[in-house]
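Worksheet: the structure to be examined is printed underneath.
The values are calculated or read from the model by the stated rules, or taken from the named source; none is laboratory data. Just so you know, these numbers come straight off a predicted model, no measurement behind them. Counting neighbours? That spans all protein chains shown, and the Cβs are built from the backbone with ideal geometry, glycine included.
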Amino acid sequence: MSKSKSTKKKAAQGKARPAARAKSKPVGKKKTPPKPAPKKKARPALARKPQTKKKQNLPVKKAASKGPAKTTVKPKQARASAPVAKPPAKPAPKPVVKSKAPAKPAAATAAKTSPAPAVVIAAPAAPVRKASAPPAAGPTKSGALFYDSHMHTPLCKHAWGEPEEYAQQALKAGLKGIIFTCHCPMPDGFWPTVRMSESEFDTYVALVQRAADAFKGKLDIRLGIESEYFPGHEEYISKLHQRAEFHYVLGAVHWQAKEYLNKFETGTIENFRRTYFDHLAKSAESGLYDCLAHPDLVKNYHPDSWCFAIVKNSAAAALDRIAATGVAMELNTSGLNKSYSEMNPGDEMLSMMAERKIPVVIGSDAHRSVRVGEQFVTALNKLTEAGYEKVSYFLNRQRIDLKISDVLASLKKAADHNA
């Protein structure tokens, strides 16, 4: 029994030792070799590789998403640059060059390029006003139909009364409207005692506007100018006409000016008068004026010796030239108050104007309010006797023609209504 027990103990010990060894071996193996750990780490690293691939795919996807975004922006830039950048870059310099040299190419490119409208806008104002539709010429409720197209303000230094006083008289005379035509400023001190100065030009425009506002709805009051014609001053006058929106520009040759007399009073009285008629025609040919004021004013130069027959041929030649321009001429009723007491022009010259179908505008040339519309009925009858059927006035630099019979009837009806 002792042997068997010992053998059993030995066997148990033998078995126990290998178990201990077996346990010690795996522990020792885990501690001594560190290599399997990197292998296990390598496996996760390999597992991470697909993750890195996924990460690589993500930027690829992002790049793909950025890509189309860029491509969509580029086409927009390309589209914007194609019509906008390229066309203006090429044609833009061309219109600039063309607009400086010939005006016609600039007008031709106006419909194609955007800079061209600026050239069109830069065109003179007067032609634009002439191109607009003429205003209505119908009578007012009172029956008024006609305008007095020539009167002054105190700024000319030889007229009396405020514009509102002239307006009030116009209502009494049965007129639809009046046009102020005060003497224009002139450069170089030209005859300064009978005209507004340069510094008073804006004051003149304001005076007329003040009266127009005061009589709005009662009387139509417009801005005009009596604009001097003196050879050599055409450029100044042309620029002057652009300084305000004139409805009527009345050209005038004033032989009384000291400057005119000093330059042209040479030779005989008849030669001086012939020079005057030549300048009258040149004023029409200048294209600066709508109408010519008091066209035979020169008969007041040595009025005792005036004889129309002596200068008739010169007057006829001037009228032929004036008729060719289409410019109107004035029948000025204030001639009855001058040294040679006769309307300007006289009856014979008025008939010669009718023969040439030169339009006629009536003006009182009032330097006092009481003369607004003065002698208009007499003037209209003179026109009929001379052969005219129509009489005219201007608004917006356009001529408006009316039947003389209608104007005569309107003056009486409106005067009775306003009495």
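So the values come out like this:
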item	result
Test: residue in the stretch 297-315 that is closer than 23 Å to I400 by Cα, aromatic (F, W, Y) and at pLDDT 95 or above	no
Selection status of A206, of a type outside the set (K, R) and either surrounded by 14 or more Cβ atoms within 10 Å (Cβ to Cβ) or at pLDDT below 95 (or both)	no
Filter pass, R399 being touching a Phe, Trp or Tyr at 6+ places or on another chain (Cβ under 8 Å), of a type outside the set (V, I, T), closer than 24 Å to E165 by Cα and touching a residue at least 24 places away in the same chain (Cβ under 8 Å)	no
Residue under evaluation A324, criteria (1) under 32 Å from the mean Cα position of the chain (by Cα); (2) surrounded by 24 or more Cβ atoms within 10 Å (Cβ to Cβ); (3) of a type in the set (A, V, I, L, M, F, W, C), criterion not met	(2)
Of all residues in the stretch 250-304 being among the polar types (S, T, N, Q) and part of a helix (DSSP H, G or I), the one that is farthest from the chain's Cα centre (by Cα)	N271
Residue, farthest from K412 (Cα to Cα), within the stretch 137-173, restricted to residues that are part of a loop (DSSP other than H, G, I, E, B) and among the aromatic types (F, W, Y)	W160
Conditions (1) surrounded by 15 or more Cβ atoms within 10 Å (Cβ to Cβ); (2) of a type outside the set (A, V, I, L, M); (3) in contact with a strand residue (DSSP E or B) (Cβ under 9 Å, 6 or more places away or on another chain); number of the one not met by F201	(3)
Conditions (1) crowded, with 23+ Cβ neighbours inside 10 Å; (2) out of contact with any Phe, Trp or Tyr (no Cβ under 6 Å at 6 or more places or on another chain): number failed by A167	(2)
Residue list for the stretch 379-419, restricted to those being among the β-branched types (V, I, T) and either in a helix (DSSP H, G or I) or over 25 Å from E342 (Cβ atoms) (or both)	T384, I400, I404, V407
Residue satisfying all of: in the stretch 260-278; surrounded by fewer than 18 Cβ atoms within 10 Å (Cβ to Cβ) and touching a residue at least 40 places away in the same chain (Cβ under 8 Å); nearest to K312 (Cα to Cα) among these	E270
Residue match in the stretch 293-312 (condition: closer than 25 Å to K239 by Cβ, among the hydrophobic types (A, V, I, L, M, F, W, C) and crowded, with 18+ Cβ neighbours inside 10 Å)	yes
Qualifying residue in the stretch 336-344 (condition: outside any helix (DSSP H, G or I), among the hydrophobic types (A, V, I, L, M, F, W, C), touching a residue at least 60 places away in the same chain (Cβ under 8 Å) and in contact with a Gly (Cβ under 9 Å, 6 or more places away or on another chain))	no
